[in-house]
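The values are calculated or read from the model by the stated rules, or taken from the named source; none is laboratory data. All of these numbers come straight from a predicted model, not from anything done at the bench. In this analysis, Cβ positions are derived from the backbone assuming ideal geometry, glycine residues included, and neighbour counts consider all displayed protein chains.
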Amino acid sequence: MSDVAPQPEAAVAAERLTKRYGSLTAIEDLTFSVAPGEVVGFLGPNGAGKSTTMRILSGTMAGTSGCASIWGVSVALNPAEAKRHMAYMPENNPLPEDLRVEEYLRLRARLKDVDAGKVDARVNQVMEDCDLVRRASGRLIGQLSKGFRQRVGIADALLAQPKVVILDEPTIGLDPHQILGIRDLIRSLRGQMAVLISSHILHEVEQVCDKVVIINRGRLVAQGRTDDLRRELLPHAGFTVVTKASQAELVALCTAAEPAATVEDGVATDLGWTRYRVVLPAQSPARETLATTLLSAGLPLREIAEERYGLEDIFLAATRRTPAEGRRS
Amino acid sequence: MRHFRTLLAHELRTAVLSGNTWASAALFLALMGGIHFFALLECSRAPQPWTPVEATFRLFWLPLLCVLPLLTMRSFAEERRSGTLSALLTTPASTAAIVWAKFLAAWLTWAAFWCAFLIFPWIVNARLGTAGDQRLSDPATLFGGLCFVLVSGLLHVALGILCSCLTRSSALAALLTFICLLGLTAVGGAMDSLPIESWSWLGWLREPAAHLRTFGHLQDFAGGILDSRPLVLYVTGMMLSLGLAVLAVEGQE
């Protein structure tokens, strides 16, 4: 017999989660999950309900209906047990100003049921991991810069080696160097613990996360891996073509390669060159051969480049569509 | 229990290092020193039916109203304002453990203030007392009076903690505590001074009123009478207040 509890399918599971404040619905029928060891970005415009969802998952707020569970434990029915598996860093990361970093982390370690004999070792380890040892460990939290305060919040989240870490805007207000440091730290957690991060910095989420969950007006509009969402939400491939050819010539060549191709009106640049935008279906074979087709036809061509769709485009496309479309997908 | 011990140690440490505690202690000792001085002065002018220590304890409501709200006002209100209470509630520590730790730390601080007051009767006795004459600082009266303020303090401090749970503003929490304690003391005083026994139409009130005579409780304690009824009143009131405080914290977060 092994004492190790079986790993659940989902480290974080929200099932039809709803929160209402009187007549105002903050989130409705929200269903998503985070697998063990997965890093998931939780995205949505301001007021979409991200913080509300995170607070319900962390057990600091009760939902109106639905079920939230952490590592297979219901947050509503067994909050103390759920909290043992989870760490939550709230937005703005509130910390007591009058404690020293090391004292604060020791206190939190004891409250998070870290073995009494291992408290010192864990505190030293997380301070090392979050680069707090040399410049911040003995300082009052009230005297720390925003960046160091965020590091203290993340160190606190990692203290008890939880199965799930929920971070609400962990990089808000940080400078680019600090963001890089936090990003590397989060990346290093992949495989060790499930991480759910909300952030407005989409580029950062794209770099760090395996999957994204996008909500809008309290409802789920998209979830999945970035590549899958790109295929689903952006079914076209766009090309920028700078040429001296007329629009008619370009349309003729493009539709010969792909009948569904469209060419948008060009913008004159300089010395007779014009910039066009050619749109093909994402799955079209012509996507691979368009440059060769145009060159072999002898078209005066200065530039051809495929537009790269990032998470920002996915986010904009997802938040434009209705929640019903999101559920269907 | 482990969480409770950790939180209590943290709260006590915070109380010791807080400027608010030391300012409250200074105000308390200044008030009590002044009251005791004037009680001594009064007794030195003409014979009085009470000892200086008894007279001082009869004015226990003055530091209760002026100092106790300062001690308890920040316990929850400040943590809710700064958001650190939310962070605390994300740990496996229960809300009840948090409320009890803050209560006990505040009550121990209040008890320490009153113990510090004992230095005044001790100084008076050392400088002015004569061997065998205990009128200046009768140990039995001192012990009884101290027991009264500590036992009644259970309810008073719990009320302060409850008021602090109800708002994010420390000033408002202090004002609410002041109003509650004023009401409680005024009702207790009124029960003592009003001739309820002679009002036949208030016959139903006699029994409950007998339990609420705050100054009567003080006299009983100071006189060495240990009645279980005030104990039950103050402990029940404390449990009720702390239970409501737990519900208030859980409801608001």
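Tally up the residues in segment A:124-141 that are of a type in the set (Gly, Ala, Ser) and either surrounded by fewer than 15 Cβ atoms within 10 Å (Cβ to Cβ) or within 14 Å of chain B (Cβ to nearest Cβ) (or both), please. Steps first, please.
Our first condition is that a residue be of a type in the set (Gly, Ala, Ser); within segment A:124-141, this holds for A:136-138.
Filter again for either surrounded by fewer than 15 Cβ atoms within 10 Å (Cβ to Cβ) or within 14 Å of chain B (Cβ to nearest Cβ) (or both), leaving A:138.
Number satisfying all stated conditions: 1.
Considering each of A:202, A:180, A:196, A:167 in turn, give the residue that is surrounded by fewer than 20 Cβ atoms within 10 Å (Cβ to Cβ) and either of a type in the set (Lys, Arg) or closer than 18 Å to residue A:151 by Cα (or both). Even if it seems obvious, please write down each step before you answer.
Details: A:202 fails: either of a type in the set (Lys, Arg) or closer than 18 Å to residue A:151 by Cα (or both); A:196 fails: surrounded by fewer than 20 Cβ atoms within 10 Å (Cβ to Cβ); A:167 fails: surrounded by fewer than 20 Cβ atoms within 10 Å (Cβ to Cβ).
Going through A:202, A:180, A:196, A:167 in turn, just one is surrounded by fewer than 20 Cβ atoms within 10 Å (Cβ to Cβ) and either of a type in the set (Lys, Arg) or closer than 18 Å to residue A:151 by Cα (or both): A:180.
Regarding segment B:105-113, can at least one residue be identified that is within 30 Å of residue B:47 (Cβ to Cβ), touching a Gly at 6+ places or on another chain (Cβ under 8 Å) and surrounded by fewer than 18 Cβ atoms within 10 Å (Cβ to Cβ)?
Narrowing segment B:105-113 to residues within 30 Å of residue B:47 (Cβ to Cβ): none.
Checking segment B:105-113: not a single residue is within 30 Å of residue B:47 (Cβ to Cβ), touching a Gly at 6+ places or on another chain (Cβ under 8 Å) and surrounded by fewer than 18 Cβ atoms within 10 Å (Cβ to Cβ).
How about segment A:210-259: which of its residues are outside the structural domain of residue A:168 (by TED's automatic domain parsing) and polar (S, T, N, Q)?
A:240, A:243, A:246, A:247, A:255
Could you go through segment B:40-47 and let me know if any residue there is surrounded by fewer than 18 Cβ atoms within 10 Å (Cβ to Cβ) and among the acidic types (Asp, Glu).
yes
Can you confirm whether segment A:142-154 contains a residue that is of a type in the set (D, E, K, R), in the same structural domain as residue A:187 (by TED's automatic domain parsing), surrounded by fewer than 18 Cβ atoms within 10 Å (Cβ to Cβ) and assigned to a loop (DSSP other than H, G, I, E, B)? Show your work before the answer.
Let us first name the residues in segment A:142-154 that are of a type in the set (D, E, K, R), namely A:146, A:149, A:151.
The next check asks that each one be in the same structural domain as residue A:187 (by TED's automatic domain parsing); those that pass are A:146, A:149, A:151.
Among the residues that remain, those that are also surrounded by fewer than 18 Cβ atoms within 10 Å (Cβ to Cβ) are: A:146.
Those left that are additionally assigned to a loop (DSSP other than H, G, I, E, B): none.
Looking through segment A:142-154, none of the residues is of a type in the set (D, E, K, R), in the same structural domain as residue A:187 (by TED's automatic domain parsing), surrounded by fewer than 18 Cβ atoms within 10 Å (Cβ to Cβ) and assigned to a loop (DSSP other than H, G, I, E, B).
Among the candidates B:36, B:3, B:10, which residue alone is more than 30 Å from residue A:112 (Cβ to Cβ), touching a residue at least 12 places away in the same chain (Cβ under 8 Å) and not acidic (Asp, Glu)?
Working: B:3 fails: more than 30 Å from residue A:112 (Cβ to Cβ); B:10 fails: more than 30 Å from residue A:112 (Cβ to Cβ).
Criteria check complete, one pass: B:36.
Each row is one residue, and each column tells you yes or no for (1) closer than 22 Å to residue A:30 by Cα; (2) touching a residue at least 40 places away in the same chain (Cβ under 8 Å).
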{"site": "A:167", "(1), (2)": "yes, yes"}
{"site": "A:184", "(1), (2)": "no, no"}
{"site": "A:203", "(1), (2)": "no, yes"}
{"site": "A:213", "(1), (2)": "yes, yes"}
{"site": "A:232", "(1), (2)": "yes, yes"}
{"site": "A:235", "(1), (2)": "no, yes"}
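Taking segment B:215-253 as the region of interest, how many residues are among the charged types (D, E, K, R) and either in contact with a Leu (Cβ under 7 Å, 6 or more places away or on another chain) or surrounded by 14 or more Cβ atoms within 10 Å (Cβ to Cβ) (or both)?
Taking segment B:215-253 first, the residues among the charged types (D, E, K, R) are B:220, B:227, B:229, B:250, B:253.
With either in contact with a Leu (Cβ under 7 Å, 6 or more places away or on another chain) or surrounded by 14 or more Cβ atoms within 10 Å (Cβ to Cβ) (or both) added as a condition, the list becomes B:220, B:250, B:253.
Looking only at that region, the number is 3.
Residues being of a type in the set (Ser, Thr, Tyr) and modelled with pLDDT under 85: count how many of those fall in segment A:217-256.
Initially, segment A:217-256 is screened for residues of a type in the set (Ser, Thr, Tyr), giving A:226, A:240, A:243, A:246, A:255.
After this cut, where a residue has to be modelled with pLDDT under 85 as well, the list is A:226.
Number satisfying all stated conditions: 1.
So residue A:27 ticks every box in (1) closer than 23 Å to residue A:170 by Cα; (2) of a type outside the set (S, T, N, Q); (3) within 14 Å of chain B (Cβ to nearest Cβ); (4) touching a residue at least 40 places away in the same chain (Cβ under 8 Å) but one. Which box is left unticked?
(3)
Can you run down the residue pairs with Cβ atoms below 6 Å, 6 or more apart or on separate chains, where the first is in segment B:74-86 and facing chain A (nearest Cβ under 7 Å) and the partner is surrounded by 18 or more Cβ atoms within 10 Å (Cβ to Cβ) and among the charged types (D, E, K, R)?
Qualifying pairs under 6 Å: none.
Whether any residue in segment B:31-48 is at pLDDT below 90, in contact with a helix residue (DSSP H, G or I) (Cβ under 8 Å, 6 or more places away or on another chain) and not in a helix (DSSP H, G or I) is what I want to check.
Looking through segment B:31-48, at least one residue is at pLDDT below 90, in contact with a helix residue (DSSP H, G or I) (Cβ under 8 Å, 6 or more places away or on another chain) and not in a helix (DSSP H, G or I).
Pick from B:79, B:54, B:42: which is out of contact with any His (no Cβ under 6 Å at 6 or more places or on another chain) and closer than 28 Å to residue B:246 by Cβ? Before you say what the answer is, go through the steps one by one.
Numbers: B:54 fails: closer than 28 Å to residue B:246 by Cβ; B:42 fails: closer than 28 Å to residue B:246 by Cβ.
One residue alone meets the criteria, B:79.
In this structure, does residue A:103 turn out to be without any contact (Cβ under 8 Å) to a residue 12 or more places away in the chain and in contact with a strand residue (DSSP E or B) (Cβ under 6 Å, 6 or more places away or on another chain)? Write out each step before concluding.
Details: without any contact (Cβ under 8 Å) to a residue 12 or more places away in the chain: yes; in contact with a strand residue (DSSP E or B) (Cβ under 6 Å, 6 or more places away or on another chain): no.
Taking the combined requirement at face value, the residue does not satisfy it.
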